[in-house]
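A quick write-up on the structure given underneath.
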There are 6 protein chains.
Amino acid sequence: MKIKVINPNTTEAMTQSIKHAALLVAEDGTTIEAVSPRMGPVSIESHYDEALASLGVLDEIRRGEDEGTDSYVIACFGDPGLDAARELTSAPVLGIAEAAFHAASFTGRSFGIVTTLSRTLGRARDLVDAYGFSKLCVSYAACEIPVLALENDPQTCYRKLETESKKVLAESGADSIVLGCAGMAGMCQRLTEALHVPVIDGVEAAVSLAQALVRMKIRTSTTGEFALPPAKPVVGLLQPFTLDGADS
Amino acid sequence: MKIKVINPNTTEAMTQSIKHAALLVAEDGTTIEAVSPRMGPVSIESHYDEALASLGVLDEIRRGEDEGTDSYVIACFGDPGLDAARELTSAPVLGIAEAAFHAASFTGRSFGIVTTLSRTLGRARDLVDAYGFSKLCVSYAACEIPVLALENDPQTCYRKLETESKKVLAESGADSIVLGCAGMAGMCQRLTEALHVPVIDGVEAAVSLAQALVRMKIRTSTTGEFALPPAKPVVGLLQPFTLDGADS
Amino acid sequence: MKIKVINPNTTEAMTQSIKHAALLVAEDGTTIEAVSPRMGPVSIESHYDEALASLGVLDEIRRGEDEGTDSYVIACFGDPGLDAARELTSAPVLGIAEAAFHAASFTGRSFGIVTTLSRTLGRARDLVDAYGFSKLCVSYAACEIPVLALENDPQTCYRKLETESKKVLAESGADSIVLGCAGMAGMCQRLTEALHVPVIDGVEAAVSLAQALVRMKIRTSTTGEFALPPAKPVVGLLQPFTLDGADS
Amino acid sequence: MKIKVINPNTTEAMTQSIKHAALLVAEDGTTIEAVSPRMGPVSIESHYDEALASLGVLDEIRRGEDEGTDSYVIACFGDPGLDAARELTSAPVLGIAEAAFHAASFTGRSFGIVTTLSRTLGRARDLVDAYGFSKLCVSYAACEIPVLALENDPQTCYRKLETESKKVLAESGADSIVLGCAGMAGMCQRLTEALHVPVIDGVEAAVSLAQALVRMKIRTSTTGEFALPPAKPVVGLLQPFTLDGADS
Amino acid sequence: MKIKVINPNTTEAMTQSIKHAALLVAEDGTTIEAVSPRMGPVSIESHYDEALASLGVLDEIRRGEDEGTDSYVIACFGDPGLDAARELTSAPVLGIAEAAFHAASFTGRSFGIVTTLSRTLGRARDLVDAYGFSKLCVSYAACEIPVLALENDPQTCYRKLETESKKVLAESGADSIVLGCAGMAGMCQRLTEALHVPVIDGVEAAVSLAQALVRMKIRTSTTGEFALPPAKPVVGLLQPFTLDGADS
Amino acid sequence: MKIKVINPNTTEAMTQSIKHAALLVAEDGTTIEAVSPRMGPVSIESHYDEALASLGVLDEIRRGEDEGTDSYVIACFGDPGLDAARELTSAPVLGIAEAAFHAASFTGRSFGIVTTLSRTLGRARDLVDAYGFSKLCVSYAACEIPVLALENDPQTCYRKLETESKKVLAESGADSIVLGCAGMAGMCQRLTEALHVPVIDGVEAAVSLAQALVRMKIRTSTTGEFALPPAKPVVGLLQPFTLDGADS
């Protein structure tokens, strides 16, 4: 099967790290296509960045539909564009925050999230609530490192991540840690060994669950909210986002 | 004071209807600037449309900051781009769904939403939950009319709206009705008279509440989640969305 | 328009402070009538005080209906008598706790309440839950000062208020502070400047929202729970509360 | 032990019915003192009636403290004055709505409430939510009969009650029925036999639980919210409600 | 009336302590039969222990039905086998966690649980949530003592219990303490005196409430979920659990 | 990898159907070991049956630990013994209700459950709430067929299942259907084709997710609630359940 892993930011180095994590859990016969969109911010650290990044994600989903894609992964912890992506395809689309929460719920009673900047924790809370994981997620923490520092200074970042994670475990008694950024994927194994509890990388979780859903032949329902969007004109800068069948 | 009312879709006729509703509640000394964005879909009927429309909203917020705007209203019932808009300005930004729910909570114990297409009710539910109105909102209904039909065939649309609203009142005992689309603003008074219960138009609600917040000098907090987004390069089609201070 | 602001306690000095706060947000053409009831406790610091104060509030609502009142504000943070008041009039009635929570929800993701005595925090929690603000209100704190000390020793009180507010912000990361007593209204501006985050005074919030609702012509629904109470005999000390149309 | 059962309305005939129900569950050695207050409405069918009735309840609690009372029951389904009553005494105070919900929770997974007027269902919902029974209470129904009709025309009322109760069971699958008015106490046994499911009368429930709490020596905590109210002047008509220790 | 108090573990000394607590609240005319099951673990400190203990409980319920039992108490804080027990009899069955929560809700706004081992707090949380007490239970604490230490070294255990309880009260402001283990029953009075707030022993609570329910003639509903289980073959080691009417 | 699928009832024919469903989603290299326990009821249709079946499940988990098992599936929709099983092994253990809910959450906004007997819906609701899927699960329905009828008269059962499922979709607008019994696994594909929405069989879901978790190397956390149970004597009939290290 073919899984398209979309890194919603436009930093190619991070896309390669994400691909590496995805390959760790790929089954024989699974092709991982990891891409950055053709447009958007170099990192995602605000609601504004997410709004921009959503467009790039949707562009890649549309392209993926011409390429025989079996499932899509949106590899940013804010799951940007997820609902809209599910309208564009009935192939399973998974956000890495969503996937990480699902995976973490199998590790015990509770998990804590450790992310980059505290300003993004609001979005994490919204997703936890919207997806139904409020009782499970007992701690939200941030290392106060910018996303791209994970690529540029991984040693310093790892140390902060380990420190914050240990604090979360000590104070909340969480059974596991969820990594709050796709850029942390490469630190998952080392952190697992340091903490002696399960550590969940959303990229691995999403790719694994994507494979599971494809195997089960489960697709997004197309009878209601997630039917194809009505085709209509789109004007101005965004005219290229006009869907087939619409006059622009 | 100056209130900028952004119709997130690009249909100028609807922008004029929205402006008309806004003026109904404008205080002496309030200037209403009603605009459609320079880009985006002609109507908003899906998560995909919302993602696109968010960009146009953010573009108008950025322009508004150069124009001495005191408050912003996002006049689409999905409140597209609201969180990101609040990062770009500390002036109050109100979505019309959000404002309508707040206003409706003063009419009694419960309200029902009547909107255009049932496929958009999922978004309405998400907003009701996220904003804290789950106990108050006791009914979700749709007329199954496309958004632009509200402009093109208002008589037929009104009849469907009245029929659905009466059904909601009879079955749920709701104390009031919230109109689920900015395009219904012009039907608010007639429907109020027909139903004998309060009917809430989100445009009037948002403009009224915007004036109230400006009068109270209450602005969005800038110390955490809603501080200005980190400036950074944005590439490709969306390069114009690069914020000042970033290299692209 | 005419707004009647009812200070539910019988301390006239506090009524004047409340009137002062109300006038800060009054539009041109708004008349503020600030009153203390003809009966009741001199301050409200317990459920018992609230039960007594409710009667005074209802007495003033009944008198207000003969005076052409457009909207009512109940200026005590426990919102005493609010539901009953809404039965006696279809003009909007707003409690200052309720109004403050609504206003605070536009300042960001979360707020904290700082009040006088900790024994009143239970009531604050009940209102937060009942009105739907449980996710938004992330901190409850008390200065342990009696209500009337706010009038008698404002400097000491202000210092305690500032200290507690800073603690709330530091520990909870709240985006704004809600003042938990009408008697704190005069300290709102100074505290805003000291804290660098929005501070919400419920009196200003309620008067502002009252004006907004009147402008929108939104009234309490009279078709169900908030219809006029059935007229019936009331005996004993409370005989004066017999409604017109009832034999006593 | 001595249990004081306060019928918050001033209709003596109903007080006698309530006393009769209380005696059905009184242990040997329990004295039931059933009273109507010296003031207040003849029946309770609105928030306004509840606010008035609260005063009469509090008056009776204060008198009860001089009479060596071991526990109090507030025998109106809106539990008027309950929080304030708990401040005035550390003896257990039970509302009949509260007690009925607790008892019903031992009958299975769910219960439905059948009450007099639908306008009082809002209060019932508030109590269900505030006390934590939202998942258990799966149906709210009203017979649309005034409270005093239960005394004046019991046969007609019983028939409506049975009809509504059967509808609730058929539509919701509830395991039991909670009677939504103290005036229905006399119909409990007959209805139980007609429905073949448990029917809960709040008066019996409250008296039974009161005895249980006294036996356990459990009293209301006096260290926080439910400590004695601060003594202070009360003026005007309500001056008699001044607590000992206060100057009026 | 006859109440059968089942200590789900097989340690007879603890059964005697439990009986002692039960007798403290027994009415004249109540017979307390306290038993340990014929099978199962000597203490209950894990989900595994609970699963095993459930069988012993069900065995005793079945035997109790031949002995004219009026009500059953399951005297372990995990309420093992409660739902199944309610299928086997329509006599009231009460778990001590459940009963303690109900009793504690009459002591004020909030309670805290202090138990033996922290690994059992997950079960406590599940019960609190499932029974509807999430808002009331504000603190979960453990003394980290094994259950049987309560019998073997009560002085040390009591000191730890008092220390933890004081910490709970200081940090959470809870109005009362719920003892999280049937083995703590004998420490209830001493702890009440030390803490000056109500302390709830679930054994006393359950026996008291059992008596109250019997007095009210309230039984478990038999029309739905809690009807007798369908009779059917049970094979292997558990063959003795085959219900009458089934071929094995 | 080796996945042990435990059918908690002792009907071998159903175990074979379950194995068949499991094999549909097994990866190359996955061995499916499907077993019925050595003890317990022939079908699971009550809380009593679940309590008995839990023991058989735990027996099989213990045996599985000696057989190099990588993951376990508990193939009964009540997830009997799940928490206890997770204490006995750190290999992932999945219940089919739990797994089905997780899988269904990727099909859209909502799902409905269609099960065998309505008396089991209470357990389904408990699991939905405990696992965090309350918003997603919008309908609960039963075909009123005994579990073993699925083996003995599949045609009649299928027709009832299809009828009920269509009713659920029409009335609730659910995006997908979750099959509420492992015995329905063989009907999943046919029903999917008849309904044109995703249908989730918990067996396939659990096996797929088990493979995903093993691939991710995620195990149950052993640092808290799900550490190995303390070893201790177990007496009587259940003596064989004594864990290694304990004296019995």
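Distances, shortest first, from the label point of F:Gln155 to those at the same position in the other copies read 5.7, 5.7, 7.5, 7.9, 9.5 nm; the point lies 7 Å along Cα to C-beta. In angstrom, the C-alpha Rg and Dmax of the protein assembly as shown are 31.7, 87. Relative to the longest principal axis of the Cα atoms of chain B, helix B:202-215 runs at roughly 50 degrees. Rounded to the nearest 10 square angstrom, C:Lys166 shows an accessible area of 100 square angstrom against a 1.4 Å probe.
With Cα atoms defining each centre, segment F:109-155 and segment E:178-246 are spaced 27 Å apart in the structure.
Summarise the partner chain shielding of F:94-103 as one whole number: the mean count of Cβ atoms from other chains within 10 Å of each residue's Cβ. It would help to have the intermediate numbers written out before the result.
Values: counts 1, 0, 0, 0, 2, 3, 0, 2, 7, 7.
For peptide F:94-103, the averaged partner shielding equals 2.
In whole percents, the pair-distance distribution calculated for chain C from its alpha-carbon pairs, binned every 10 Å from zero, is 8, 33, 36, 18, 5, 1. Sequence-ordered 3J(HN,Hα) estimates for segment B:169-185 from the Karplus curve with 6.51, -1.76 and 1.60 and θ = phi - 60° stand at 5, 5, 7, 10, x, 4, 7, 7, 10, 9, 6, x, 7, 4, x, 8, 3 Hz, glycine and proline given as x.
Kirkwood's formula applied to the C-alpha pairs of segment C:98-201 gives a hydrodynamic radius of 13.3 angstrom.
The Cα atoms of segment E:186-248 define a convex hull whose projected area, averaged across directions, is 8.0 nm².
Can you give the local net charge around F:Tyr48? Use residues other than it whose beta-carbon is closer than 12 angstrom to its beta-carbon, Lys and Arg +1, Asp and Glu -1.
-2
Between copies, the label points at D:Asp28 (set 7 angstrom from Cα along Cα-to-Cβ) are spaced 0.4, 8.2, 8.3, 8.3, 8.4 nm, reported in nanometres from shortest to longest.
So what's the net charge close to F:Leu24: Lys and Arg +1, Asp and Glu -1, counting the other residues with Cβ under 14 Å from its Cβ?
On the way: positive: A:Arg215, A:Lys217, F:Lys19, F:Arg190; negative: F:Glu27, F:Asp28, F:Asp201, F:Glu204.
After counting each charged neighbour, the total is 0.
Comparing D:Pro41, D:Pro198, D:Pro230 in a Gaussian network model of chain D where C-alpha atoms under 10 Å apart are linked, the largest mean-square fluctuation is found at D:Pro230.
Applied to segment F:139-155, the Karplus parametrisation 6.51 cos²θ - 1.76 cosθ + 1.60 on θ = phi - 60° returns per-residue 3J(HN,Hα) values of 7, 10, 9, 9, 8, 6, 10, x, 4, 6, 4, 4, 7, 7, 9, x, 5 Hz, with x for Gly and Pro.
Taking amide hydrogens as placed 1.01 Å from N in the peptide plane, the amide H of C:Gly95 sits under 5 Å from those of C:Ile74, each at least 5 positions away in sequence or on another chain. Here's the picture: a label point sits 7 Å out from the Cα of F:Thr31 along the beta-carbon direction, and within segment F:1-16 the residues with their amide nitrogen under 16 Å of it are F:1-6. Close amide-amide hydrogen proximity is noted between F:Cys137 and F:Phe111, each under 5 Å apart and 5 or more residues distant or on a separate chain (H modeled in the peptide plane; Pro and chain starts excluded).
Only aspartates and glutamates eight or more places from F:Lys167 in sequence, or on another chain, were considered; those with a Cα closer than 17 Å are D:Glu171, F:Glu144, F:Asp175, F:Glu193.
The same position B:Lys166 in the other copies lies at 3.2, 3.2, 6.3, 7.0, 7.1 nm from this copy, comparing label points 7 Å beyond Cα toward the beta-carbon, shortest first. Along segment E:63-72 the Karplus relation, 6.51 cos²θ - 1.76 cosθ + 1.60 evaluated at θ = phi - 60°, assigns HN-Hα couplings of 5, x, 5, 8, 10, x, 7, 8, 6, 10 Hz to successive residues, with x for each Gly and Pro.
Below 8 Å between Cα atoms, with a sequence gap of 6+, how large is the relative contact order for chain A in percent? List each step's numbers first, then the result.
On the way: 500 pairs, mean separation 52.4, N = 248.
Taking the mean separation of contacting Cα pairs over the length of chain A, I get 21 percent.
Residues whose amide H comes within less than 5 Å of that of F:Ala34, counting only those at least five positions distant or on another chain, are F:Val5 (H built at 1.01 Å from N in the peptide plane).
Report the FRET efficiency, 1/(1 + (r/R0)^6), for B:His20 and D:Ala170, where r is their Cβ-Cβ distance and R0 is 45 Å, rounded to 0.05. Let's see the in-between values first.
Values: r = 50 Å, r/R0 = 1.10.
With R0 = 45 Å, the Cβ-Cβ based efficiency is 0.35.
Computed from the C-beta positions of A:Glu12 and F:His196 and an R0 of 45 Å, the FRET efficiency is 0.65 to the nearest 0.05.
Provide the net charge surrounding E:Lys4, with neighbours chosen by a C-beta distance below 9 Å and charges set as Lys +1, Arg +1, Asp -1, Glu -1.
Result for the local shell: -2.
Applying 0.36 nm per residue to the separation of D:Ala227 and D:Asp129 and subtracting their alpha-carbon distance, the gain on full extension is 32.9 nm. With 23 Å as the limit, the listed pairs F:Lys4/F:Lys217; E:Lys19/E:Lys166; E:Lys4/E:Lys232; A:Lys135/F:Lys232; A:Lys4/A:Lys135; D:Lys135/E:Lys135 have E:Lys19/E:Lys166; E:Lys4/E:Lys232; A:Lys135/F:Lys232; A:Lys4/A:Lys135 beyond it between alpha carbons.
Here the peptides A:173-181, C:143-151 are ranked by packing, the mean other Cβ count within 10 Å, and the order with the highest first is A:173-181, C:143-151.
The values are calculated or read from the model by the stated rules, or taken from the named source; none is laboratory data. Remember, it's a predicted structure, so these values are computed and weren't measured experimentally. All Cβ positions, even for glycine, are placed from backbone atoms using ideal geometry, and neighbour counts span all protein chains on display. Side chains are part of the model used for accessible areas, which takes the heavy atoms of the whole protein and leaves out ligands, DNA and RNA. Shrake-Rupley method; radii C 1.70, N 1.55, O 1.52, S 1.80 Å.
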